[in-house]
Structure formats: C-alpha cells, structure tokens
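Notes follow the structure.
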2 protein chains.
Amino acid sequence: MDISVKLENYSYKVSIGDLPYLNFAGRKVGIVTNPKVGGLHLKTLLQKITADEVIIITIPDGEEYKNMDSVNMILESMFNHRFNRKSLLIAFGGGVIGDITGFTASIYQRGIEFIQIPTTLLSGVDASVGGKTGINNKWGKNLIGTFHQPKAVYLDTIFLKTLGSREFGAGVAEIIKMAVIFDIKFFRWLEDHDLKNDENLRFAISRSVELKAMVVSQDERETGLRASLNYGHTFGHVVEHEGNYSKFLHGEAVAIGIIMANALAEKIGQFSEADSNRVLILLKKYNLPVNYKIVDVNNFYEKFWLDKKSSNKKITFILPLGIGDFKFRDDLDEKIVKSILEKFA
Amino acid sequence: MDISVKLENYSYKVSIGDLPYLNFAGRKVGIVTNPKVGGLHLKTLLQKITADEVIIITIPDGEEYKNMDSVNMILESMFNHRFNRKSLLIAFGGGVIGDITGFTASIYQRGIEFIQIPTTLLSGVDASVGGKTGINNKWGKNLIGTFHQPKAVYLDTIFLKTLGSREFGAGVAEIIKMAVIFDIKFFRWLEDHDLKNDENLRFAISRSVELKAMVVSQDERETGLRASLNYGHTFGHVVEHEGNYSKFLHGEAVAIGIIMANALAEKIGQFSEADSNRVLILLKKYNLPVNYKIVDVNNFYEKFWLDKKSSNKKITFILPLGIGDFKFRDDLDEKIVKSILEKFA
C-alpha cells in the first residue's frame, strides 16, 4: 500500500509492504545504520540495491549518540568517498538513525536526497514520515535540526520481526496516540484487533501513516495543526528527561504522558472517566507503563519549558476532546495543572 | 530602492538605502558580527533596533573561521539566552558572517528567521542575496550548508565607507561579472561611470541585485540557470585554493577567473578579442589582478573537481557569448582547456 505525503511543492510516497528493488545506477549511496540493525538486516537490504557505489556507515546505537559527533562521522565518510549532490543516503534503523541521517543529508552540499527504511515500529509509524530531522545537545533533544523531507519511505514489516516486546509496545503507543486525537473508528478497531498479527499490524501502520500524512500536508512547518501530534509528549518529554532518556523508551514515556494528559482533560471536563479507562486498557494491552512517580511537582512543571513548542510564557497542552478529537489548551492555570501532577506524586 | 526576490512560496525584499528602524518587540535578537565590523559600526546598528533582548555574538574575522566551531559558538549563545523559534539572527558583516549566520539560523530548532545587513560590497551585491548558507571544512569551501533565505536584506552604503580599496575592488569584480553575462547596457554604463561616486555605486548595487534576484527567482536550488553566476568562479576557485584563501580576496580570484574564462571563450570562438579587452580594461580600472602564474597545469586542471557543480566526470564552464550573454559548456576537450591554462603558465 502506498500513501502520499503531499506538501506545497513536494510530494513523496510511503510504501508499506515488501521492500522493492531500488535502482540507483549512476549514483553513490550511503547506508547509515547501527551495528545491531546492520548485523540483523543489512544482508536483506543490500540484496535489493543497485548503485555505482554503496558505502555502509555505522554509528553507535542509542539516543546518546544522536549528536554532532555522529553527524561529523557520517560527513567524513561521504567526503572521503567523494559523494556529490546526486549521491544519496539511506536511513536504515529507528528514529535516531532517521533523524541524524536526515539532518546530515540536509546539510551536505546544501542538501541531498535521503530515503527512510525504518526498522522500528515507532519510527515506521511516526518519525520516518514528515521530514523532521534533528540531533540533541546538552540543552535538550532535537534542538538542532532542519525540515528535510525524505525522497521516499519504505516500510517492510520483515524488519520489525526482530523487535523486542518493549520496542514493539513503544511503537504501538504512537499508534494509539493517533487514534485518540484523530479517529474514533480507528480507536475502536484497535480495541478489537491484535497488532501481533502481521496483517493487522500493516493496517494499523497504514492508518497511522495516513493520519500523519494528512497532518503534515496541512502544516509541514508546525505552525499550527502539526503540534497536535505532541499529544502525550508535553508530559512525556519531562518523563523521558527525568529518566535520563534511558529508563523509558520514547513510546513508553508517551504512554505515561497520554495518561497524564487524559487526567488533565478529565479534570477540566473535556474527557470522560470512561474514555480515560478505554485508553488505559488499550495501553496496558501492549504492556505499556501507565504509572509514574513524580518526585517534585514544581520541578516537573518547570521542565515543560524544555519543549520547543512552548514560547512566550505559555505552555500549550494538547488534550483529547472525547476520543477522536482534541483541543489546544494554552489557557490552563498553573494550579490546575499542578493539581494533576500531585496525583502522580 | 527595494528589490523583490520572488521564490516559489516565499518572497523577501532587498532594501538599498538608509537602514530603517527595526522593531522586533516581543522577540529576542542575536547580532552576529566580527570584532572589526563591531567596533566600526555596531553603535549605528544598535541605535536602529528595538527588541525584547539583544545579544551580540562576535566570531573571529576571516575565512578560516567559517567552520563548525564558530557555528557552535553562536548556538551556545543562543541556547544560553533561551532563544526560541520566534527569535532571530542578524548577520552583520561580509560574506563569512552572512554564510555562517544563515547556516546557524537554518539549523536552530529546525530553522528560525535571519536578516542580512552586509558591510562589504561583495556581500552586498552577491552573497547576502539568494539564501545560500555554508561553512568550510578540510575538504573545501561551503561543503556543509543549506538553502535558507533571509527574511530581509538591508543594504546601507554607510557601512561600505570603511572598506579598504582591495575589498572595494573585490566587490566590483562581482558587479562586472553580472554585467558581462547578463546585461550589455549595464556593462556600457559601468565603462562610463565611476563607482567611487556614491550615487553611481548605489545604482550598480541595485542593478546587480536585480539581476541576481531574477536568477534566484528562476532557480533557487541551482539546478540550472543559477550556476551561471559561477562565471569566473570555476577558474577562480582554483586560484583561491592555490593561494590558500589568503593570497587573493574572493573577488580578486574571480577577476583572474574571468580573464581565464574569457580566454577560453575566445579560443573556442564565442568571444572576440575586442570584448576580452573591454572586460580587461574595466577590471584594471578597479585595480583588480588580471595576471596569474600557473605553476602546474595538470594540477590546476585536476582542481576543477573541487567544484560542487561538477559531477559525473564533466566540468561545466560558464563562458561569455559576446558581452551580455553566456553559454554553459560541458563539452570542451581537456586539451583545449589545458592549452588555455598553458598561456598562464
């Protein structure tokens, strides 16, 4: 199945299904991956690629390596192999590989093409689509980056078979996120189907990507609607940060963030207890964490400012309005928000 | 005088004349400059700016500092002062400051606005318009960079008064370049007028910027026409490189490159000796270098590959077709090109 991401002057396809043969005759290709993914899947990928020259660039696995050193390592390989403006990169891995590869492609000789071949569910349903690239630094996550859309995204579930159950669940959290804020029918479908079944999984990925493509088409640069994808993330980012980005996987922190956002939405009367419970049950079905112990409420609150979307002293929360819809809320009193945080303290 | 640079989904103005008052209430502004320009002109600039917070970031003067270290220095200041997506940078200096500031703005939180206020003639007529950003590394010039258009360009000749005569001439070389490939009338006007007169200078800047805006509007990403601006640069880049980027100013190397390109155009019969002489006389009028001693012809020829525009084993020369027009030539035999280089050996 192919889904089009239509932007103002650029469109590309997300292909869900068997990875096709990729012919890059006349061009050089750099595959960026990590040692683990490379060991598991590079053989499969290499069988599908024709190019003038293929080079493999591995960067260490983990969020802590999503930094300028890794970018420089990739650039070094590209220059050494005399990549030109027609050369291209393939991001072969999860979100870290995708973000860092996209960023490097966007600054090499003022921008070259890159392709996303995600190997995690999280990256497949979320990070690989939409053109956000970025690296972390001591001030926070994704604070350096660009918007640089991939030339194409190929999503073959064969690469997801080796995911551990925690990684799998982390991806499901982003799928559930999409359903809660955009699509009640999809949410009901998720309640009734098991994503461990491959056909179901492909459908859920397709629907999530469709929803994401719809959002990105309307607001590529995140001046409005696109920020809705941050549902669960405003809280989740703080949870991730408090756990030094090692205690929870990103999707796990989002699951906790969803629970917190729902509690806040309930508190201000735009979400029912029954709906909160339905979301809770769905998250639990995939063994996602739904409890969290806040040590210091004031400290937790202060960390909302880490978020790039916050500006000029307002915190914007994305809160569900029943299942299948949402509202941006930047009008919430500090006391109300903290009263919710207290419940987790 | 205002000149519009019209791109597919973005337009901005190049204002030539007195710097207006700039009101950035509600926003933070970072002025990136070097110690010399700062000492000469910062007072004038600061009197014209209103903002929530203004910070000054100086980076060392010179092409050798157009690197990732300087980018990191600017980012450090921005993060320390909690710049957000609504903050903006002002590039206050020559081409080095402009390129590096534009690049930093393009990667800070996936891109923030920046404004160009050029303080050299070269930057005013060329680098500050068109959105090319970049830094150098050990492999070459501008090999890392992005396309990121400024929000506005303000060109006030008051900042050019302190230019040395070599710097002034270097800027004139780019003006002459534009006239030779695009505009015979403008070329005749340049023959008849002295750019040391301020009114004449403003006209010449305006016309050059108009021509550049026309080119950039048609081909922002340099997939075709825009490469014509490389006239004189294919040879000039090698001259610059051989002089370690310190013997010649960029514009001076371009002047030498123009002489070489004209000699090649003459050789293949698309440019007359008389026209070659007219260009030579005009370059000499501004004390631009027109002689160069090539030590090793083969070595010089090999260095054409440094150029980002060269790919797949073809060298593309931009050669004048009479004065006021040009032709891309990627069909020239190595022997013919080397026979011209021999004349300079």
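Derivation of every value follows stated rules applied to the coordinates shown; laboratory data play no part. Just so it is clear, the model here is predicted, and its values are computed rather than measured. Neighbour counts run over all protein chains shown; Cβ positions are idealised from the backbone, glycine included.
Table for the structure above
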item	result
Hz values of 3J(HN,Hα) by residue in the range B:153-165 - Karplus curve (6.51, -1.76, 1.60), Gly and Pro given as x	10, 10, 10, 10, 5, 4, 6, 8, 4, 8, 5, x, 6
Cross-link partners of A:Lys48 among aspartates and glutamates (Cα-Cα below 12 Å; sequence separation of 8 or more within a chain)	A:Asp18
Per-residue ³J(HN,Hα) for the range B:198-203, Karplus 6.51 cos²θ - 1.76 cosθ + 1.60, θ = phi - 60°, Hz, x for Gly and Pro	5, 5, 4, 4, 4, 5
Amide H within-cut-off set for A:Gly93, under 5 Å, with H built and near neighbours excluded	A:Ile117, A:Thr119
Kirkwood hydrodynamic radius over Cα pairs of the range A:165-343, then Stokes diffusion coefficient at 4 °C and 1.567 mPa s, in µm²/s	79
Long-range Cα-Cα pairs in the range B:178-251 (distance over 13 Å), rounded percent	72
Relative exposure of B:Val125, A:Val295, judged by other C-beta atoms within 10 Å (fewest first)	A:Val295, B:Val125
Under-5 Å amide H pairs with B:Gly111, H placed in peptide plane, nonlocal only	A:Gly145
Order of B:Ser217, B:Ser11 - criterion: other Cβ atoms within 10 Å of each residue's Cβ, fewest first	B:Ser11, B:Ser217
GNM top mover of B:Gly171, B:Gly145, B:Gly236 - chain B, alpha-carbon springs below 10 Å	B:Gly145
Burial ordering of A:Lys6, A:Lys138, fewest other beta-carbon atoms within 10 Å first	A:Lys138, A:Lys6
Beta bridge orientation in chain A: antiparallel %, DSSP, nearest 5	35
Dipole magnitude of chain B about its Cα centre (Cβ charges: Lys, Arg +1; Asp, Glu -1), debye to nearest 20	480
Helix B:68-80 vs. chain B, principal-axis angle (Cα, 0 to 90°, nearest 10)	20
For the range B:79-234, Kirkwood radius (reciprocal of mean inverse C-alpha pair distance, Å)	16.3
Equivalent ellipsoid, the protein assembly as shown (semi-axes from 5 times Cα gyration tensor eigenvalues, Å)	51, 30, 19
The range B:190-249 versus the range A:88-118: alpha-carbon centroid distance in Å	33
Shape box of the range A:2-160 [Cα atoms, principal axes, largest first, Å]	40, 35, 32
Over chain B - Rg/Rh using Cα atoms and the Kirkwood inverse-distance radius	0.97
Most mobile listed residue (A:Leu225, A:Leu89, A:Leu211) in chain A, GNM with C-alpha springs under 10 Å	A:Leu225
Shielding score for B:141-150, defined as the mean number of other chain Cβ atoms within 10 Å	4
For the range B:253-332: rounded, prolate or oblate by the Cα gyration tensor [a/c cutoff 1.5]	oblate
Amide H contacts under 5 Å for A:Ile55, placed H, 5+ residues apart	A:Val29, A:Gly30, A:Ile31
For the range B:66-195, share of DSSP beta bridges that run antiparallel, in % to the nearest 5	25
Highest-fluctuation residue, A:Leu264, A:Leu163, A:Leu288 considered, GNM on chain A with Cα pairs under 10 Å	A:Leu163
In order through the range B:332-338: 3J(HN,Hα) via Karplus (6.51 cos²θ - 1.76 cosθ + 1.60), integer Hz, x for Gly, Pro	8, 5, 3, 4, 5, 4, 5
